[in-house]
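First comes the structure, then the notes that go with it.
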Amino acid sequence: METRRTDVLVLGGGTAGVTAAIAAAEEGAEVILVERDNALGGVGVRAGIHSYWYGLGGGVQNRLDAAAAKLRKQWGSRAVGYHPEAKGAAIAGALARLGVAAIYEAVVSEMIMDGNRVAGAVVETAESTVAIRAGVTIDSTGDGDAAFLAGAPYTLGRAWDGCQHAYSLVPRFLDDDHVMKFKNYDVGWIDATDPADVSRAYRVGRKYVWRGGETPANKHYMVVGPQLGVREGRRIIGDYVLRQDDLLLDRRFDDVVMRCFAHIENHAYDYANESELSQIWIGVLGQWKFPFGGDVPYRCLLPAGVEGLLIACRALSQDHDCGNLFRMQRDMQKLGEVAGTAAALAVRADASPRRLDVRALQRTLIARGALRESDLTRPSEPWLAFAGEEKRDRRRALDDGVRDDDVREAIARLGTEEEPVALWWLWQYGEPSVGPLLEALRSAEGARRRGIAFALGLLKRPESVPDLAETFRRRDPGKPNELDRTMERWQAALVLLRRMADPAVCDDALASLRRERFSTTLLLLLHYAIAVAGRMTDGQQARTRASAQAILDDPGLGGDYKMHNVDASMPAEEETRSIKWSLDLNAAYLLEQVGADGRGTLERYADDARGYVREAAETLLARLARGKEGEGDGASASRA
């Protein structure tokens, strides 16, 4: 076995890995970069998504983009966003000038461990096995493969069923003006940690490459997906787990090393399967398109219990909800620069990354343009604010305590266009909101009364139940906005009743469950029934068994499910956008809660050819084994 030594070893030459290698080399470290593909650059260069969607610039990425723009101009080429081949050439040129040794078509097979310290990695190429010993190793594999091999704990997918984001296989084409563009639409789901499922995803993606209304008659494809567009895999548990509400409330961290910025984008429509926070933020409050972000603490780069390793990819320590936002290309490039800089400074100081002087790291990042001086001292500014006020005004109530006028101000906006903001803050205020809301409920009518009931429902107050139940029974229409992932008011009321496990609309929900055909609404009804199963009468449980079995027996369900940027021209088959698998798994789980046999269905799906379906079935079987009947606390179970 060949042995090599280096200061910094970067595993993965994708979006974050290349900036990690460049930053480490610029800070004086000797660097080896290992990439499984035959080219560098990741999702923008290889998966074909060559434009930015939110995220924050600065540092290395700005210089790479400028170099790519110069090359594109020299080549006489035009592209939406940046030219992917020009970006790849700019990356390769920067690495060559810095003397970074890049090893292509190499796969990490083993981590070199000294106790709990990563001392490098063993990589396999077509010709040989190479042991690379390093002072600091950076995991930029995307799915946290290196941290996983080093024994770090992790979570996978969302809490309810372990399902990961939908994936894409992106075609590039030239428009009539000879401008390179791409069509970023989804194919289906994937278990990014299962090689067999990744292989299946490539086959299915190429089988259905013409989708979303595209045909050879209206598009000329140049190339189709050399690499999958994968949005989620493992999330390594680190010294701190970043949460979505950390960003929404703009929590400040002394060890901030960068900021992120985007909106919640998980490419999902089945929000009944998503976390409670996602159902409320997107479905009830209608905030899907609302952009926000905040501090990323250095501790998120440090895998728990493992020394000598930094995480620089979407597998860094964050929860599923936060990962819906903190995965954009600009932010991943920034994350790579942070990790590469930290690795070089740790080598220079002969220290473990965990013992690095964070103040020194922050000063270096400021000098590099990856962090701003103001990021260390700026006041906290929670994102949702009322019209006419500053975001920092919202912080006062959280820091100094909620006053009566804070609550009254929010209540006054219920039933208006500002209701979503008011609901959010009444929920955040907590107990001080209850008394004034109950007082206001006594005389309120119409939309304002419903808004007050929603606020009380968010606080899980039983006084909200009669109005929530009537909202559901009347099938109240209307949304906070016209976004297609926002819930109608009657659906939002059902979500709030489910959170309280209140059976007030059980009979109505069961009647709907028997006749409903829309997948997303069926999932809402199934989750409500699961939540209240323990409070059903014998008659209700009998009707539930019949309804759940009818779902299992109906092969026509699930084909109406939407995929991002895909219209009805794409086949709704089991291997693409059909969500029959999820309907069946939830129905089977519900059967178990009402005294019938659903385990057989779950076990059958646990042997499914699709990896993401097996993962979902195994997750629900594990929940049955633990005796849980709810959706958990919004965090996936840890694995080792």
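List of remarks:
- Per the listing 68, 90, 86, the residue uniquely free of Cβ contacts under 8 Å to residues at least 60 places away in the same chain, in contact with a helix residue (DSSP H, G or I) (Cβ under 7 Å, 6 or more places away or on another chain), under 21 Å from residue 224 (Cβ atoms) and open to solvent by less than 10 Å² (accessible area, probe 1.4 Å) is 86.
- Close pairs (7 angstrom Cβ cut-off, 6 or more residues apart or separate chains): closer than 15 Å to residue 265 by Cα in segment 162-173, of a type in the set (Val, Ile, Thr) and open to solvent by less than 10 Å² (accessible area, probe 1.4 Å) anywhere: 164/190; 167/187; 167/190; 168/187
- Only listed residue being charged (D, E, K, R) and in contact with a Pro (Cβ under 8 Å, 6 or more places away or on another chain), chosen from 46, 63: 46
- Counting only residues that are more than 19 Å from the chain's Cα centre (by Cα), crowded, with 24+ Cβ neighbours inside 10 Å and in a loop (DSSP other than H, G, I, E, B), segment 137-169 holds 2 of them.
- Odd one out for residue 237 among (1) open to solvent by 10 Å² or more (accessible area, probe 1.4 Å); (2) closer than 21 Å to residue 171 by Cα: (2)
- Candidate set: segment 396-454, residues that are closer than 19 Å to residue 497 by Cβ and of a type in the set (Phe, Trp, Tyr); chosen: the one most open to solvent (accessible area, probe 1.4 Å): 427
- Any pair with Cβ under 8 angstrom, 6 or more apart, that starts in segment 540-569 at a residue that is on the phi > 0 side of the Ramachandran plot and ends at one that is outside any helix (DSSP H, G or I) and aromatic (Phe, Trp, Tyr): 565/185
- Subset of segment 129-171 (residues that are touching a Phe, Trp or Tyr at 6+ places or on another chain (Cβ under 9 Å) and among the aromatic types (Phe, Trp, Tyr)): 148, 154, 167
- Within segment 344-358, being within 17 Å of residue 20 (Cβ to Cβ) and loosely packed, with under 14 Cβ neighbours inside 10 Å holds for no residue.
- Residue among 247, 285 that alone is among the hydrophobic types (A, V, I, L, M, F, W, C), open to solvent by less than 10 Å² (accessible area, probe 1.4 Å), touching a residue at least 40 places away in the same chain (Cβ under 8 Å) and in contact with a strand residue (DSSP E or B) (Cβ under 8 Å, 6 or more places away or on another chain): 247
- Qualifying positions in segment 15-42 - part of a loop (DSSP other than H, G, I, E, B) and open to solvent by 20 Å² or more (accessible area, probe 1.4 Å): 27, 28, 30, 36, 37, 38, 39
- The residue that is surrounded by the most Cβ atoms within 10 Å (Cβ to Cβ), among those in segment 172-182 that are in contact with a Phe, Trp or Tyr (Cβ under 7 Å, 6 or more places away or on another chain) and within 15 Å of residue 210 (Cα to Cα), is 172.
- Here the condition is being of a type outside the set (A, V, I, L, M), surrounded by fewer than 23 Cβ atoms within 10 Å (Cβ to Cβ) and out of contact with any Gly (no Cβ under 6 Å at 6 or more places or on another chain); of 211, 231, it holds for 231 alone.
- Scanning segment 274-311 for residues that are closer than 16 Å to residue 325 by Cβ and either β-branched (Val, Ile, Thr) or assigned to a loop (DSSP other than H, G, I, E, B) (or both) yields a total of 11.
- For segment 359-383, the set of residues classified as over 30 Å from residue 285 (Cβ atoms) and surrounded by 17 or more Cβ atoms within 10 Å (Cβ to Cβ) consists of 361, 362, 364, 365, 368, 370, 371, listed by residue number.
- Scanning segment 277-317 for residues that are of a type outside the set (A, V, I, L, M, F, W, C) and more than 15 Å from the chain's Cα centre (by Cα) gives 283, 286, 287, 294, 295, 297, 298, 299, 303, 305, 307, 308.
- Matching entry among 198, 187 (being under 30 Å from residue 589 (Cβ atoms), among the β-branched types (Val, Ile, Thr) and open to solvent by less than 30 Å² (accessible area, probe 1.4 Å)): 187
- Options 57, 81, 12; residue that is under 28 Å from the mean Cα position of the chain (by Cα) and crowded, with 20+ Cβ neighbours inside 10 Å: 12
- Taken residue by residue, segment 214-227 has no member that is within 21 Å of the chain's Cα centre (by Cα) and under 29 Å from residue 276 (Cα atoms).
- For segment 303-318, a residue qualifies if it is open to solvent by less than 10 Å² (accessible area, probe 1.4 Å) and over 20 Å from residue 263 (Cβ atoms), and the qualifying residues are 303, 306, 308, 309, 310, 311, 312, 313, 315, 317.
- Condition check for residue 572 on (1) surrounded by fewer than 19 Cβ atoms within 10 Å (Cβ to Cβ); (2) among the aliphatic types (A, V, I, L, M); (3) in a helix (DSSP H, G or I): one failure, at (3).
- Verdict on residue 226 being out of contact with any strand residue (DSSP E or B) (no Cβ under 8 Å at 6 or more places or on another chain), without any contact (Cβ under 8 Å) to a residue 24 or more places away in the chain and either of a type outside the set (Lys, Arg) or within 30 Å of residue 377 (Cβ to Cβ) (or both): no
The values are calculated or read from the model by the stated rules, or taken from the named source; none is laboratory data. Not measured: the values here are computed from a predicted model. Backbone-built Cβ (ideal geometry, glycine too); neighbour counts: all protein chains shown. Note: areas computed on protein heavy atoms with side chains; ligands, DNA, RNA excluded. Shrake-Rupley method; radii C 1.70, N 1.55, O 1.52, S 1.80 Å.
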